[in-house]
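Notes follow the structure.
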Ligand SMILES: [Zn+2]
Ligand SMILES: [Zn+2]
């Protein structure tokens, strides 16, 4: 029985150590992402990236607020998230619902197909950013990010 107790204790300790390392690794990835965009690493930016990465779907400011481990005031949140959106680390869209949604992009750039009936969203890997270089040159315009959604009916609604 005692042995079992020790074993359980050993397991639990290792699980928390594992979780700790995972979190540290994620933080390192987030730091690198910020640095790769020439952004300084701040507590707020890291917390937002980590929270959005964990959410793993588009979320509203209110949802981010409730997911954050440490509370952040709304104006700081908006200011920080705007920087992340402007640099393409976070995707912002309203899915035509009139509410802003934010989603972690990091290096897994993607878009969505949205069902106009049931609002179901499907991730898609299609992007036209390869043709942006020509546009950028033609219009002398530096493209920093873009919004692209496909609307229609999902298989349940069509
Ligand atoms: Zn649908
Ligand atoms: Zn794209």
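Here are some notes:
- Being within 16 Å of ligand 2 (Cβ to nearest atom), surrounded by 11 or more Cβ atoms within 10 Å (Cβ to Cβ) and free of Cβ contacts under 8 Å to residues at least 12 places away in the same chain holds for only one residue in 89, 135, and it is 135.
- Residue within segment 42-49 that is closer than 19 Å to residue 27 by Cα, within 16 Å of ligand 2 (Cβ to nearest atom) and touching a helix residue (DSSP H, G or I) at 6+ places or on another chain (Cβ under 7 Å) present: no
- Test result for residue 122, out of contact with any helix residue (DSSP H, G or I) (no Cβ under 6 Å at 6 or more places or on another chain) and away from ligand 2 (no atom under 16 Å from the Cβ): no
- Among the residues of segment 26-50, the ones that are more than 16 Å from residue 75 (Cα to Cα) and surrounded by 17 or more Cβ atoms within 10 Å (Cβ to Cβ) come to 6 in all.
- Scanning segment 68-118 for residues that are within 14 Å of the chain's Cα centre (by Cα) and within 16 Å of ligand 1 (Cβ to nearest atom) turns up just one, 112.
- Count of segment 119-132 residues, restricted to those that are without any contact (Cβ under 8 Å) to a residue 24 or more places away in the chain and either within 20 Å of residue 100 (Cβ to Cβ) or within 16 Å of ligand 1 (Cβ to nearest atom) (or both), is 1.
- So residue 143, is it part of a loop (DSSP other than H, G, I, E, B), under 15 Å from the mean Cα position of the chain (by Cα) and within 16 Å of ligand 2 (Cβ to nearest atom): no
- Restricting attention to segment 146-158 and to residues that are in a loop (DSSP other than H, G, I, E, B) and within 12 Å of ligand 2 (Cβ to nearest atom), the residue that is surrounded by the fewest Cβ atoms within 10 Å (Cβ to Cβ) turns out to be 147.
Just so you know, all these numbers are worked out from the coordinates, no wet-lab data involved. For clarity, every value in this text was computed on a predicted model and none was experimentally measured. So basically every Cβ, Gly included, is an ideal-geometry build from the backbone, and we count neighbours across all protein chains shown.
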